[in-house]
Amino acid sequence: METVLLFSNRKNVFDVTDRIIKGRYKLIWCIYELLEKNQYPYADVVIMHFDEEMLKSGTFELIVKVKGKLGHTVPILALIESGTPQDIFSILEAGAFDYIETVGDQQKYRKKIEDIISWNWYLKKYRPDKKQ
């Protein structure tokens, strides 16, 4: 069972994510304080929720920190709340694989999660450093 690590400071984001993936994947919720202290477990996939305040203070370092600990190929889905096109571009450039702007459309959010899980499967199966 794949492990999904959700970074969010909001319980409602956790609740929605938990409802969507319950029983299909293992969900671990961490607040950003744990990321800053480097106190979070390994995961197959990461979802990072960025609210307006976080977008103002910068997201690049947070994404780089996750990739530094979990590996550069760990797929990251960014949940970008009230972000500008420049915010979205910066987050993707920093290393997020995909993004969504809201969890309001749960069907779309579920599809994004499924896509990032599929990408993780593909990377594990066909990664270039894998010995044949």
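Quick look at the values:
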item: Evaluation of residue 67 against (1) basic (Lys, Arg); (2) touching a strand residue (DSSP E or B) at 6+ places or on another chain (Cβ under 7 Å); (3) open to solvent by less than 40 Å² (accessible area, probe 1.4 Å) (one fails), failing number; result: (2)
item: Members of segment 116-132 found to be in a helix (DSSP H, G or I) and surrounded by fewer than 18 Cβ atoms within 10 Å (Cβ to Cβ), listed by number; result: 118, 119, 121, 122, 123, 124, 125, 126
item: Search result, residues across segment 1-12 that are within 16 Å of residue 117 (Cβ to Cβ) and either among the charged types (D, E, K, R) or open to solvent by less than 50 Å² (accessible area, probe 1.4 Å) (or both); result: 2, 3, 4, 5, 6
item: Complete set of residues in segment 64-76 that are of a type in the set (D, E, K, R) and closer than 19 Å to residue 123 by Cα; result: 67, 69
item: Flag if residue 83 is open to solvent by less than 40 Å² (accessible area, probe 1.4 Å), touching an Asp or Glu at 6+ places or on another chain (Cβ under 8 Å) and either on the phi > 0 side of the Ramachandran plot or modelled with pLDDT under 90 (or both); result: yes
item: All positions within segment 39-64 that are open to solvent by 10 Å² or more (accessible area, probe 1.4 Å), under 14 Å from residue 91 (Cβ atoms) and not aromatic (Phe, Trp, Tyr); result: 51, 52, 54, 55, 56, 57, 58, 59, 61, 62, 64
item: Residue within segment 47-63 that is within 15 Å of residue 120 (Cα to Cα) and in contact with a strand residue (DSSP E or B) (Cβ under 8 Å, 6 or more places away or on another chain) present; result: yes
item: Answer residue from segment 13-38, given it is assigned to a helix (DSSP H, G or I) and in contact (Cβ under 8 Å) with a residue 60 or more places away in the chain and is most open to solvent (accessible area, probe 1.4 Å) among those; result: 19
item: Of all residues making up segment 96-115, the number that are assigned to a loop (DSSP other than H, G, I, E, B) and surrounded by 20 or more Cβ atoms within 10 Å (Cβ to Cβ); result: 2
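The values are calculated or read from the model by the stated rules, or taken from the named source; none is laboratory data. Quick caveat: nothing in here was measured; it's all calculated off a predicted structure. Positions of Cβ are backbone-derived with ideal geometry, glycine not excepted, and every protein chain shown enters the neighbour counts. All accessible areas refer to the heavy atoms of the entire protein, side chains included, with ligands and DNA or RNA removed. Shrake-Rupley method; radii C 1.70, N 1.55, O 1.52, S 1.80 Å.
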